[in-house]
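The values are calculated or read from the model by the stated rules, or taken from the named source; none is laboratory data. Please read all numbers here as calculations on a predicted model, not as lab measurements. All Cβ positions, even for glycine, are placed from backbone atoms using ideal geometry, and neighbour counts span all protein chains on display. All accessible areas refer to the heavy atoms of the entire protein, side chains included, with ligands and DNA or RNA removed. Shrake-Rupley method; radii C 1.70, N 1.55, O 1.52, S 1.80 Å.
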Amino acid sequence: MQVQTHVDIHSEWGIVAARQAGRKLAREIGFGSVDQARITTAISELARNIYLYANKGQIQIEEATSAGKRGIKIIATDQGPGIKEIRRVMEDGFTTSGGLGAGLPGVKRLMDDFDIDSELKVGTTITAIKWLR
Amino acid sequence: MEDTQLSMYQLYKEMLTKYLDNKSEHALYHAQQFSKQMMEKDMSPEETVSLHMSVFQEIAEDLSEEVVDSFDILLEVMIGYGLAYREHQSLRDKQRQLDSELTVAARMQKSLLPSEKIALDSVDFGVISVPAGKMSGDYYHYAHDEHKNVGVAVADVIGKGIPAAMSMSMIKYAMDTLPEQRLQPGALLENLNRVVERNIDDDMFITMMYGFYDPRNYRFNYASAGHEPGFIYHEESDKFENLDGRGLVLGVSKNVTYRDYEVAMNVGDFVVLLSDGVTECRVDGEFIERDQIIQMIRDYKHMPAQKIVDRIFYDLERAQEFQLRDDFTLLILRRKV
Ligand SMILES: Nc1ncnc2c1ncn2[C@@H]1O[C@H](COP(=O)(O)OP(=O)(O)OP(=O)(O)O)[C@@H](O)[C@H]1O
Ligand SMILES: [Mg+2]
């Protein structure tokens with residue numbers, strides 16, 4: 001059975017709801033408490049970016065399977081302004097928060113697989129997966 | 001991975017048990033050493049909190065639900081610290097890489113400077129050039145032709161670091177293309193100025209002094225582009241004299257002419273060229289005076305030229321607690337016979 005949850009993000013409430021849904025699924029899949037906290041933080045960062053830069057969007061959370069592995073997949077989608085300089089954004093220390101390790105490079109570190117697809121004035125889709133070890 | 005986690009768990013458990021048992025400083029010392037091991041194993045702050053929590057839950061009986069739950073908050077907070085820690089590690093790696101790239105660049109830069117010593121009986125020559133950072137904004141040159149004319153130059157790019165270093169290499173290449181002007185200091189600077197003016201940013205300048213010793217008439221001919229004046233030492237009168245020379249710094253204006261100056265060199269006389277990194281050495285918070293430099297040269301003047309410049313550099317470096325603020329170049333050319 002494939003579990004899938006969609007959470008609409010248009011307020012801070014949405015961010016909390018996405019965290020909650022992510023933590024629940026992570027626990028069900030079998031992630032330990034440290035990984036649960038990491039996955040939740042990644043969801044937070046993605047959801048907060050949607051809220052801050054695109055106003056609204058969606059977080060989709062689902063179980064991932066591949067070659068006998070199990071994991072959790074987060075897909076953050078919005079139809080916002082898009083990200084201008086993806087390469088720079090992925091550099092450490094670029095975030096507006098001034099290099100406290102969070103932001104998109106942080107999400108990449110917290111998760112195992114990470115992909116950004118973004119087009120200016122069209123929107124952004126970020127997919128991140130963490131595999132169970 | 002599983003194994004190390006298991007052994008870390010065991011070690012942590014022993015440590016915590018011991019401490020809870022006797023509260024000894026010894027156990028705390030052990031913990032301090034253990035933290036190094038954990039970092040070597042790349043354990044993040046959140047993993048450490050989680051390890052503590054699980055060990056604690058095992059050895060302490062009947063923990064209240066509140067205590068256990070409180071760790072959720074600590075764990076969540078630690079995730080951020082963990083990310084900062086990871087970022088720090090990756091920035092450190094990047095820094096190392098940049099550093100080694102710089103080292104290579106500095107080596108390339110060094111290879112632009114003349115490497116063979118002047119092997120002439122007529123003159124004694126010494127030069128030292130030390131960058132404040134890895135790359136230097138100072139340039140020096142020496143060369144002689146088949147008539148034993150010895151050309152020397154010191155140039156100083158106003159500005160520091162990599163941009164200055166890049167401009168410095170431009171001077172070197174430009175010099176290479178102007179061999180006919182080696183015996184015409186003013187014309188040489190005029191040509192260099194044209195190259196510099198065309199090729200560097202408006203906010204960068206280069207000062208330079210070029211001259212050559214002519215063994216037919218025993219004269220030192222030179223020209224200056226706004227450069228810190230050098231000195232000439234006259235052995236007979238035991239006096240130092242400034243190598244004054246007027247001329248606009250390189251790179252400001254397109255068509256500039258530079259005047260040639262000349263000064264007689266008797267046996268034992270020597271010229272000193274320097275960059276302002278020498279005069280801007282600060283000893284006890286004060287810029288060193290030119291008179292003080294003269295005094296230092298005087299103290300060592302019985303030595304070979306290379307020894308003199310080496311000693312002066314060492315003394316000034318030491319007086320500044322081995323921290324250079326600016327690139328340092330000092331060059332001496334003495335007439336021997
Ligand atoms: N969904 C998005 N739509 C448009 N732009 C975005 C989106 N997500 C991120 N960005 C752009 O990428 C930049 C970097 O994002 P990132 O989350 O790494 O750091 P930040 O949000 O600036 O700071 P913080 O560390 O607080 O998250 C943002 O400043 C924003 O300009
Ligand atoms: Mg952000």
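Here are a few things to note about the model shown:
- Residues of the range B:122-137 satisfying the condition of being open to solvent by less than 30 Å² (accessible area, probe 1.4 Å) and modelled with pLDDT under 95: B:M135, B:S136, B:G137
- B:V263 being touching a residue at least 24 places away in the same chain (Cβ under 8 Å), of a type in the set (A, V, I, L, M) and open to solvent by 10 Å² or more (accessible area, probe 1.4 Å): yes
- If you filter the range A:22-34 down to residues that are more than 8 Å from every other protein chain (Cβ to nearest Cβ) and not in a helix (DSSP H, G or I), you find that the one that is most open to solvent (accessible area, probe 1.4 Å) is A:G30.
- The lone exception for A:I43 - which of (1) within 14 Å of another protein chain (Cβ to nearest Cβ); (2) at positive phi it fails: (2)
- Taking (1) at pLDDT 95 or above; (2) surrounded by 14 or more Cβ atoms within 10 Å (Cβ to Cβ); (3) not in a helix (DSSP H, G or I) in turn, A:H6 satisfies each apart from (2).
- Annotation note: Cβ proximity below 6 Å between a residue of the range B:13-40 that is more than 17 Å from B:F56 (Cβ to Cβ) and outside the structural domain of B:S54 (by TED's automatic domain parsing) and a residue that is acidic (D, E) and surrounded by 13 or more Cβ atoms within 10 Å (Cβ to Cβ) (sequence gap 6+ or interchain) occurs for no pair.
- Out of B:M43, B:M78, B:M38, sole residue that is open to solvent by less than 50 Å² (accessible area, probe 1.4 Å) and not in a helix (DSSP H, G or I): B:M43
- Tally of residues being closer than 19 Å to A:L110 by Cα and either of a type in the set (A, V, I, L, M, F, W, C) or free of Cβ contacts under 8 Å to residues at least 24 places away in the same chain (or both) across the range B:49-86: 13
- Extreme residue, nearest to the other protein chains (Cβ to nearest Cβ), among residues of the range A:46-65 that are away from ligand 2 (no atom under 16 Å from the Cβ) and open to solvent by 50 Å² or more (accessible area, probe 1.4 Å): A:T65
- For the range B:141-170, a tally of residues being open to solvent by less than 30 Å² (accessible area, probe 1.4 Å) and in contact (Cβ under 8 Å) with a residue 40 or more places away in the chain returns 15.
- Count - residues of the range A:39-63 that are without any contact (Cβ under 8 Å) to a residue 24 or more places away in the chain and within 10 Å of ligand 1 (Cβ to nearest atom): 1
- Any hit, the range B:22-34, residues being within 14 Å of another protein chain (Cβ to nearest Cβ) and either surrounded by 13 or more Cβ atoms within 10 Å (Cβ to Cβ) or over 27 Å from A:I39 (Cβ atoms) (or both): no
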